Amino acid sequence: MRATMTRILYITATRIGDAILFSGPLAHLLETHPDARVTVACGPLAAPLFEAAPGVERVIVMAKTKRGGHWFNLWRAAVGTRWDLVVDLRGSITSWFLLSGSRKVSRRRPGHEHDHRVREAAAVLGLDPPPSPKLWIADTAYGAADRRLPADRPVLAISPAAAAPFKEWPAERFSALIDALAGPGGVMSGAAVALFGGPGDETTAKAVAEGLKHADVIDLTGRLALTETAAALSRARLFIGNDSGLMHMAAAAGTPTLGLFGPTDDAIYGPWGRTARAVRAGDAADEKARGTLRHSTESLMGALTVDAVLDAAEALYAETA
């Protein structure tokens, strides 16, 4: 890459989780080229992640349209600029039709099909070791989070929903787990329990709350902006949740994070970080079957027991004491 850059276009993921996993190379560019003016192109759900990033002057929101029209919209928004560098983590053809001094475009790498997504993103810029995911959180978001969470006791953060039903651990098992951790005799006895999720996850959160016997909850499902959620997760002592964007957000915030996995592969999508762990249901992950799994309307996490998650959560809690 050129030593001096003034204009960088960074094309990243649509989903929140992938956008977080792909944020490390962007953080690297912002740190190594502090005078550059950076434009980020991403999906509408992920766009708020970059609003407070220093050096990001513009976010191009790529709302998906029929027949790939969002790629044409991106080209139309970016074609009038001569870029010093275009980084395309989506591997699209659009980046080749933009005027640029240098291009770094994601490509399939034989033998690396099962690389973690963080390593996959880092490889586009040739970064080894890969930079960890990064969150940029404004002070106002921390203020909003602080108003929602108690300051006098630790917080157990739980995210019981996921983007697809087959990735969701049953709600009654989340309830049993919370009672075992935060109820009498638990390693987090007396902790504040906060439920996290986005709009549409309220039914799942309600089922978890109604199944509790010993713990009260602060239900934040659908009540926080995305960066406020990130700020609140950064305040938690422990996070437990399904394979989801919020799991990756908690890990990127530096919160001890336990991700629950079954039909998806934690080697590729597991939470990333020094204090991040995954616990599996025990079934072999088969990413080739995702095309059919994503149509399942039932949880495929039945093999993951409460005892297995409890053991993993207690171990992580002790490790990060």
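What residue among ARG153, ARG280, ARG117 has the largest mean-square fluctuation in a Gaussian network model of the chain, using Cα springs under 10 Å?
ARG153
Please determine, in degrees from 0 to 90 and to the nearest 10, the orientation of helix 69-78 with respect to the longest principal axis defined by the Cα atoms of the chain, where the helix direction is its Cα long axis.
60
Which trypsin sites (Lys or Arg not before Pro) from the range 1-60 combine a DSSP loop assignment with at most 12 other Cβ atoms within 10 Å?
ARG2
Can you list, largest first and rounded to whole Å, the semi-axes you get for the range 119-243 by taking the square root of 5 times each eigenvalue of its Cα gyration tensor? Mind dumping the intermediate values first?
Numbers: eigenvalues 145, 67, 45 Å².
Equivalent ellipsoid semi-axes, largest first: 27, 18, 15 Å.
In 20 Å bins starting at 0, how do the alpha-carbon pair distances of the chain split up by percent?
Whole-percent P(r) values from 0 Å outward: 32, 55, 13, 0.
How far, in nm, would the chain grow between HIS28 and LYS66 when pulled straight, counting 0.36 nm per residue and subtracting the alpha carbon separation?
10.3 nm
Helix 139-148 against the longest principal axis of the chain: what's the angle in degrees, Cα atoms only, rounded to the nearest 10?
Tilt of helix 139-148: around 20 degrees.
Return the calculated 222 nm mean residue ellipticity for the chain, to the nearest 500 deg cm²/dmol, obtained by summing -39500 (n - 2.57) across DSSP H runs with n ≥ 4 and dividing by the residue count. Numbers along the way, then the final one.
Working: 12 runs with 104 residues, N = 321.
That comes out to -9000 deg cm²/dmol.
Work out, step by step, the length gained on full extension between THR292 and GLU51: first 0.36 nm times the residue separation, then minus their alpha carbon distance; give nm to one decimal.
83.2 nm
What angle do you read, to the nearest 10 degrees and between 0 and 90, between the alpha-carbon axis of helix 23-32 and the longest principal axis of the chain?
50
Of the listed pairs LYS134/LYS206; LYS104/LYS134; LYS66/LYS134; LYS66/LYS104; LYS64/LYS206; LYS66/LYS206, which have alpha-carbon separations greater than 29 Å here?
Among LYS134/LYS206; LYS104/LYS134; LYS66/LYS134; LYS66/LYS104; LYS64/LYS206; LYS66/LYS206, the Cα-Cα distance tops 29 Å for LYS134/LYS206; LYS66/LYS134; LYS64/LYS206; LYS66/LYS206.
Which three extents, in whole angstrom, do the alpha-carbon atoms of the range 155-209 cover along their principal axes, largest first?
Projected onto its principal axes, the Cα set of the range 155-209 covers 33, 18, 14 Å.
Suppose R0 equals 41 Å; then what is the FRET efficiency for THR140 and HIS214 from their Cβ-Cβ distance, rounded to the nearest 0.05?
Working: r = 35 Å, r/R0 = 0.85.
E(calc), rounded to 0.05, equals 0.75.
Can you run the Rg to Rh ratio on the range 141-319? Use alpha carbon positions and the Kirkwood inverse-distance Rh.
Reported Rg/Rh, Kirkwood definition of Rh: 0.94.
Could you calculate the FRET efficiency of ARG274 with LEU99 from 1/(1 + (r/R0)^6), where r is the beta carbon distance between them and R0 is 30 Å, rounded to 0.05? Don't skip to the end; give the middle numbers.
Details: r = 41 Å, r/R0 = 1.35.
The calculated FRET efficiency here is 0.15.
Using Cα pairs under 8 angstrom and six or more residues apart, how large is the relative contact order of the chain, in percent?
For the chain, the relative contact order is 16 percent.
Take peptides 180-191, 252-263 and line them up by average Cβ neighbours within 10 Å, highest first, as a rough protection proxy.
Taking the mean over residues of other Cβ atoms within 10 Å, the ranking is 252-263, 180-191.
Arrange GLU168, GLU298 by Cβ neighbour counts within 10 Å, fewest through most, would you?
Starting with the residue having the fewest Cβ neighbours, the order is GLU298, GLU168.
Taking Cα pairs under 8 Å and at least six residues apart, what relative contact order does the range 7-124 come out at, in percent?
The normalised contact order for the range 7-124 reaches 28 percent.
Using the number of other C-beta atoms within 10 angstrom as an exposure proxy, rank SER92, SER296 with the fewest first.
Exposure proxy ranking, most exposed first: SER296, SER92.
Using unit Cβ charges (K, R positive; D, E negative) and no other charged atoms, how large, in debye to the nearest 20, is the dipole of the chain about its Cα centre? It would help to have the intermediate numbers written out before the result.
Details: 35 positive and 34 negative charges, 307 e Å.
Dipole size: approximately 1480 debye.
For the range 227-321, what's the relative contact order in percent, using C-alpha pairs closer than 8 Å and at least 6 residues apart?
Computed over the range 227-321, the figure is 24 percent.
Compute the Rg to Rh ratio over the range 7-124 from the alpha carbon atoms, using the Kirkwood formula for Rh, and round to two decimal places.
0.93
Using a Gaussian network for the chain with springs between C-alpha atoms less than 10 Å apart, which of these wobbles most: PRO110, PRO150, PRO271?
Highest fluctuation of the listed residues: PRO110.
Whole Å is fine, so just give me how far the alpha carbon centre of the range 199-271 lies from that of the range 33-50.
24
When ranked by the protection proxy of mean other Cβ atoms within 10 Å per residue, highest first, what sequence do the peptides 95-107, 132-144 form?
Per-residue mean Cβ counts within 10 Å order the peptides as 132-144, 95-107.
How much length is gained on full extension from ASP115 to GLU172, taking 0.36 nm per residue of separation minus their Cα-Cα distance? It would help to have the intermediate numbers written out before the result.
Working: separation 57, 0.36 × 57 = 20.52 nm, distance 3.32 nm.
Between ASP115 and GLU172, full extension yields an extra 17.2 nm.
May I ask you to evaluate 6.51 cos²θ - 1.76 cosθ + 1.60, the Karplus curve with θ = phi - 60°, for each residue of the range 107-117 and list the ³J(HN,Hα) values in order in whole Hz, giving x for glycine and proline?
Along the range 107-117, the couplings run 9, 5, 10, x, x, 10, 5, 10, 5, 4, 4 Hz.
Hey, any idea what the orientation-averaged projected area of the convex hull of the range 64-188's Cα atoms comes to, in nm²?
Mean orientational projected area (the range 64-188, Cα hull): 13.6 nm².
Read-outs: derived from the displayed coordinates by stated rules, not from any lab. In this text the structure is predicted, and so the values were computed from the model without any measurement. When we count neighbours, we look across all protein chains shown, and the Cβ atoms used for this are built from the backbone with ideal geometry, even at glycine.
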